[in-house]
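Q: This structure is in structure tokens; I'll ask about it shortly.
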Amino acid sequence: MKYSILLVRKKAALQYLPLVAPLHIYEFNGISQANGIFNDIDPGLHNVVVKDKMGCEQNVEILIEDKGTAPLLVVDELDNLKECGDESTFVKMSVSNGGNGVKFSLDNGVFTTNNFFDNLNNGPHSIIAIDEDGCESIPFNFEVTGSSEFILKYINERICFGESIEIMGTNYSTSGVYLDTIPSNGPCDTLIKIDINVRSLITAQINAEVCYGDSIRIGNKVYNSSFNDNQILTSSAGCDSILNISVRMLDVKESFVETEVCAGESVKIGQENYTNDGTYSQVILSDSGCDSTLTIRISMKDEELCENGVCGRYYIPNVFTPNGDQINDYFEVERKNVTISQMYIFNRWGAVLFSSNEPNPKWDGRFKDQDAATGVYVYMVRGFCNNHVPFFKYGDVILIR
């Protein structure tokens, strides 16, 4: 029977190696296990028993000695960078736990009491310490780097699009990383790394609509007519930026309404009531948000027609619900032997929301492709009877959603 003992930092490992390979049972301090390897053994006297399948056993006492703690390396000084004109490199080591007779080895070399190593070559290096009991430290690994050919300097510059910058006699106008060398009378030339960043040209587009007679200020100019222009402005980074501008002047809209009234009656168009014949005009707000001119011609209706009411039958509802349920979704005139030739819808401020000259028009309760809000609106319809006598009606209608 052979055995070996390995002591590592106060904990030992014990391995029994039988000369033949029968089935063995191992006991370590009275605890059985299936193999002869024992780990994490504390220092002291230990009892090992080995039994084979025939019942034969061997009893061995093992003394594990405490050799103390392995050395812990400490870096006192380190210069591992070679610079042009100063290629000296060195490392000075010590141990923190004050072990006796500590020796040091560089790159698996001979262990000596020397703890200072200099003139190190480029590349990786490793230092190990060992004390007089043979306990080794964890290696300290480091690398020596550097170049003995150049002194390296950096230049970073940012310029605007379309500009250039001169550095050491060379003009640069595009982004990139460039290298230049300054020869030296000494052992080392100077290598310059130049990083040029060209800021992008900033462009923006502005489209504006202006009511006739108004003006708008964009950038540093005022526009009062349709115009395509561009301006060069200074950005926050101090570079030029291009602003493309398109201004469209909206034309004045003109609308015409003609109607008849009976004597003693009045008609409300927009925000005004009219009782006498004549031609009138109003300035109202168009669907584009600009002022527009509405020309109104009022004529007096024939007295007999006013008295007898010779016409077909029609009914104008006072409420509708455009909610998509196919019931009462439109504002329209229910009629018989009557043709509606014109319809206007106004909001409470007199702005035109809907107008149509199509025969028998109807309003779906929308304005500029958006649902009009629930509320009261003013209608004005114009048509003619079966005897071709014209008529005009106006009033309020309630929109409910």
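The values are calculated or read from the model by the stated rules, or taken from the named source; none is laboratory data. Everything numeric here is computed off the predicted structure, so don't read it as measured data. Cβ: placed from backbone, ideal geometry, glycine included. Neighbour counts: every protein chain shown. Areas reflect the complete protein model, heavy atoms only, side chains present, ligands, DNA and RNA absent. Shrake-Rupley method; radii C 1.70, N 1.55, O 1.52, S 1.80 Å.
Q: Please compute the Cα-Cα pair-distance distribution of the range 44-117 with 5 Å bins starting at 0, giving whole percents from short to long.
A: 3, 11, 14, 13, 10, 9, 7, 7, 6, 6, 5, 3, 3, 2, 1, 0
Q: Also: Looking at the P(r) of the range 133-264, how many percent of alpha-carbon pairs lie beyond 20 Å? Don't skip to the end; give the middle numbers.
A: Values: 6220 of 8646 pairs.
When every Cα pair of the range 133-264 is considered, 72 percent fall beyond 20 Å.
Q: Tally Lys/Arg at +1 and Asp/Glu at -1 over every other residue whose Cβ is under 11 Å from the Cβ of Phe227; what's the total?
A: Details: positive: Lys221, Arg248; negative: Asp229.
With Lys, Arg at +1 and Asp, Glu at -1, the neighbours total +1.
Q: Can you tell me what share of the DSSP beta bridges in the chain is antiparallel? A percent to the nearest 5 is fine. Display every interim value, and only then the final one.
A: Numbers: 107 of 140 bridges.
Given both bridge residues lie in the chain, the antiparallel proportion sits at roughly 75 percent.
Q: Can you compute the radius of gyration and Dmax for the range 255-401, using only the Cα atoms, both in Å?
A: 15.4, 44
Q: Could you tell me which of Ser235, Ser281, Asn328 has its Cα farthest along the dipole of the range 204-336 towards the positive end, charges placed at Cβ (Lys, Arg +1; Asp, Glu -1), taken about the Cα centre?
A: Final value for the positive-end residue is Ser235.
Q: What is the Cα radius of gyration of the range 196-250 over 2.2 N^0.38 Å, N being its residue count?
A: Working: Rg = 13.6 Å, N = 55, 2.2 N^0.38 = 10.1 Å.
Compactness ratio reported: 1.35.
Q: On to the next question. Express in Å², to the nearest 10, the accessible area of Thr112 obtained by rolling a 1.4 Å probe over the protein heavy atoms while all chains stay in place.
A: Taking all protein chains as shown, Thr112 has close to 60 Å².
Q: Of the options Ile192, Cys160, Val397, report the single residue whose Cα projects farthest towards the positive end of the charge dipole of the chain (beta-carbon charges: Lys, Arg +1; Asp, Glu -1).
A: Val397
Q: Here's another thing I want to ask about it. Any idea what diffusion coefficient the range 34-78 gets from Stokes-Einstein, in µm²/s, Kirkwood Rh on alpha carbon pairs, 4 °C, 1.567 mPa s? Mind showing how you got there, number by number?
A: Numbers: Rh = 14.2 Å.
Estimated via Stokes-Einstein, D reaches 91 µm²/s.
Q: Suppose the Debye formula is applied to equal point scatterers at every Cα of the range 220-282; what is log10 I(q)/I(0) at q = 0.13, 0.22, 0.28, 0.30 Å⁻¹?
A: For the range 220-282, the Cα-only Debye profile gives -0.60, -0.95, -1.20, -1.28.
Q: May I pose another question? I'm checking a number: the convex hull volume of the Cα atoms of the chain, normalised per residue, in Å³. What is it? Walk me through the numbers on the way to the answer.
A: Working: hull volume 154.6 nm³, N = 401.
Per residue, the Cα convex hull of the chain comes to 385 Å³.
Q: Next question, about the same structure. Using Cα pairs under 8 angstrom and six or more residues apart, how large is the relative contact order of the chain, in percent? Intermediate values should be presented prior to the final figure.
A: Values: 877 pairs, mean separation 29.7, N = 401.
Normalised by residue count, the contact order of the chain is 7 percent.
Q: In square angstrom, what is the accessible area per residue of the chain with a 1.4 angstrom probe? Before the final figure, lay out the partial values.
A: Details: 24740 Å² over 401 residues.
Computed with neighbouring chains in place, this is 62 Å² per residue.
Q: Can you pull the percent of Cα pairs in the range 338-401 with separation above 18 Å? Display every interim value, and only then the final one.
A: Details: 727 of 2016 pairs.
When every Cα pair of the range 338-401 is considered, 36 percent fall beyond 18 Å.
Q: Follow-up. Checking the table Lys268/Lys393; Lys92/Lys153; Lys221/Lys368; Lys268/Lys301 against a 20 Å threshold on Cα-Cα, which pairs fail? Intermediate results must be reported in sequence, preceding the final value.
A: Details: Lys268/Lys393 10 Å; Lys92/Lys153 30 Å; Lys221/Lys368 32 Å; Lys268/Lys301 16 Å.
Flagged as over cut-off: Lys92/Lys153; Lys221/Lys368.
Q: Among the DSSP beta bridges whose two residues both lie in the range 134-234, what percent are antiparallel, rounded to the nearest 5?
A: Details: 13 of 23 bridges.
Just about 55 percent of them are antiparallel.
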